[in-house]
Structure formats: structure tokens, C-alpha cells
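The values are calculated or read from the model by the stated rules, or taken from the named source; none is laboratory data. Keep in mind the model is a prediction, meaning the values are calculated, not measured. All Cβ positions, even for glycine, are placed from backbone atoms using ideal geometry, and neighbour counts span all protein chains on display. The accessibility values were calculated without ligands, DNA or RNA, using every heavy atom of the protein model including side chains. Shrake-Rupley method; radii C 1.70, N 1.55, O 1.52, S 1.80 Å.
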Amino acid sequence: MPTILISVLAVLVSLGSLAVAYASSRRSHMPVLQFMWESGQADSAAPKWWLVNVGTGPATNIVVAQAEKTGLKRGLGQEVWYNPVLVPSIPAGGRLALTWLGGTMGLECGLGASYTDVERYFYTTKCGNDVSMFYPGLHLPRWPLLKLRGNKPVKTWWGVEDLSGPQWSSVSPDHAKRRWWLPRRFGLARRMGGWADPVLSYRPR
């Protein structure tokens with residue numbers, strides 16, 4: 001009996017060590033994006049919004065979008081997101097100017113960014129009323145990054161000069177499908193290209 005107990009404890013300790021090592025590895029290259037407003041007074045540059053990576057790893061497959069209002073919560077709730085823009089990867093400690101948002105601090109809308117780490121796990125940042133929230137998983141719509149059925153829902157950052165004109169690729173909660181078996185803390189998906197990735201079920205509003 002003592003031998004069996006010792007063997008079981010050894011197995012549990014080994015599993016615990018593996019779990020700790022895996023979590024530590026994930027945190028070592030976890031991107032965390034934050035929206036930042038810069039007035040531009042210090043160096044006479046034009047005021048603008050920035051997306052800053054304050055995490056420990058590069059952020060890739062970044063999509064920046066807007067919402068009329070965001071509750072800063074997990075999932076989509078009643079949020080309607082629109083104007084998705086695909087931007088280049090941002091290394092740890094790097095930043096990217098969101099020039100198409102213009103030089104106005106008060107945008108009267110919520111901002112959101114979905115992105116992945118080097119292992120294609122999703123993360124989401126939501127910003128509204130000067131408050132930012134960070135969540136593991138995808139808590140924005142899953143817009144296809146490439147053409148789907150002949151259309152490309154996201155615009156590339158170098159092709160968007162401003163936000164004049166009509167909105168594009170608006171998505172409401174009714175048009176974003178989530179796998180029933182996926183834990184809600186991960187939103188619509190945990191990993192790009194994974195079993196729960198709803199990209200093929202994308203439907204515009």
C-alpha cells in the first residue's frame with residue numbers, strides 16, 4: 001500500500017511540474033496590447049492613438065476594430081463591432097501608430113484588438129472610457145484575415161487613411177457562433193486554426 005501511494009504521489013508531482021512548466025513557457029512569450037493616446041506636444045508630432053505591446057512576446061495577426069459601446073467584458077455580450085483593420089506584428093516593447101483613428105482623443109466609441117502569440121493562441125484587449133481590459137481567448141468577432149467566398153472582411157492598415165465613409169464588416173453577437181463545449185473564459189476561440197475556431201462560420205451583420 002505505501003508503495004502504491006508513493007507511486008501515485010510521484011505521478012501527481014510530475015503532472016504538476018509539467019503544468020507549471022507549460023504555464024511558465026506560455027507567460028514567457030505572452031503579448032499584451034494596450035491602447036495609448038499621445039498628445040504629441042513633447043516632440044511637436046501630430047497627436048495620435050498608439051497600440052503598445054507591454055507583454056513579453058510578439059503580437060501577431062492583429063485586428064483592430066471599433067464598437068459603438070463596449071462593456072469591457074468577456075465575450076461579445078451585446079456589442080456590435082465594425083471597421084476591422086489588419087495591422088503588422090508588434091514585438092515586445094514595440095508600438096504601432098493607429099493613424100486612421102485620427103488625432104482626436106475622444107472617439108466616442110470603444111476600441112478592441114484581437115491577436116495571437118507565436119503559438120497562435122488568441123488574446124483580446126478592449127478599451128472604453130479610458131479603461132482597458134485584457135483577456136486570454138478571442139472576445140471579438142472572428143473576421144477572416146484572408147479572402148473568404150471572394151471577399152476580404154478586414155482592411156489592411158496601409159490602405160485605410162481615415163474613417164470617413166460607411167462602416168464595413170459589422171458583426172453583432174447573433175452573427176458570431178461559439179462552440180458549446182469551449183469554456184466561456186476563452187470567448188469564441190482559444191487558438192487560431194483550432195477545433196473551436198469559428199472562421200468558416202463568419203457572417204457579416
Cross-link pairs beyond the 25 Å C-alpha cut-off, checked among Lys69/Lys155; Lys147/Lys177; Lys48/Lys155; Lys69/Lys147: Lys69/Lys147
Residues whose modelled amide H sits under 5 Å from the amide H of Lys69, counting only those 5 or more places away in sequence or on another chain, are Val80, Gly110
Solvent exposure ordering (accessible area, 1.4 Å, most first) of Trp180, Trp168, Trp81: Trp180, Trp168, Trp81
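Only four residue types carry charge here, +1 at the Cβ of Lys and Arg and -1 at the Cβ of Asp and Glu. Report the dipole size of segment 112-202 about the Cα centre in Debye, rounded to the nearest 20.
Magnitude of the dipole: close to 500 debye.
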Would you kindly derive the ³J(HN,Hα) couplings of segment 106-113 from the backbone phi angles with the Karplus curve 6.51 cos²θ - 1.76 cosθ + 1.60 (θ = phi - 60°), listing them in order in whole Hz, with x for Gly and Pro? x, 7, 6, 7, x, 10, x, 9
Leaving ligands and nucleic acids out of the surface, order Trp50, Trp37, Trp195, Trp100 by accessible area at 1.4 Å, largest first. Trp195, Trp37, Trp50, Trp100
Fraction of accessible area attributable to carbon and sulfur, segment 109-205 (%, probe 1.4 Å): 53 percent
Along the charge dipole of segment 36-116, Cβ charges K/R +1 and D/E -1, which of Trp100, Pro84, Asn61 sits furthest on the positive end? Asn61
Per residue of segment 80-89, what does 6.51 cos²θ - 1.76 cosθ + 1.60 with θ = phi - 60° give for ³J(HN,Hα)? Whole Hz please, x for Gly and Pro, Karplus curve as stated. 10, 9, 8, 6, x, 10, 8, 10, x, 4
